[in-house]
Amino acid sequence: MESKFKEAVSGKSERCNDTDCEKVADLLNAVVDGEVTAEEQEFFNAHIEDCISCFESHDKQKLLKGLVSGHLKRIIVPESLALSIKAKIQETV
Ligand SMILES: [Zn+2]
């Protein structure tokens, strides 16, 4: 568990800075809900392309939301895969 955390932290690219990460963390929920402006979305996209840790938290958030609201059904994902992803998320949180 601890090594995973360190990995995420050291995986930050040099272009990534903490202020941006904080902004992205603030935007995260709104982005997942699709409630951001085009400008915010652009900033968010650009950041998670460079920042592994923000990308991972966005991915996790998106997956959780999808699983909860059932949006994953629109994508063709085998039930077993969805469940194993869910289990993985719970392991790493
Ligand atoms: Zn970041």
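Observations on the structure shown:
- Filtered by the rule that a residue be of a type in the set (G, A, S), assigned to a helix (DSSP H, G or I) and out of contact with any strand residue (DSSP E or B) (no Cβ under 7 Å at 6 or more places or on another chain), the range 23-66 gives A25, A30, A38, A46, S57, G66.
- Neighbours by Cβ (under 9 Å, 6+ apart or cross-chain): first from the range 39-55, touching a residue at least 60 places away in the same chain (Cβ under 8 Å) and among the hydroxyl-bearing types (S, T, Y); second more than 10 Å from the ligand (Cβ to nearest atom) and assigned to a helix (DSSP H, G or I): none
- Residue satisfying all of: in the range 5-22; more than 9 Å from the ligand (Cβ to nearest atom), assigned to a helix (DSSP H, G or I) and not small (G, A, S); modelled with the highest pLDDT among these: T19
- Any hit, the range 32-42, residues being within 15 Å of the ligand (Cβ to nearest atom), of a type in the set (A, V, I, L, M) and at pLDDT below 90: no
The values are calculated or read from the model by the stated rules, or taken from the named source; none is laboratory data. Because the structure is predicted, anything quoted here is derived from the model rather than measured. Cβ sites come from the backbone with ideal geometry, for glycine too, and all protein chains shown count toward neighbours.
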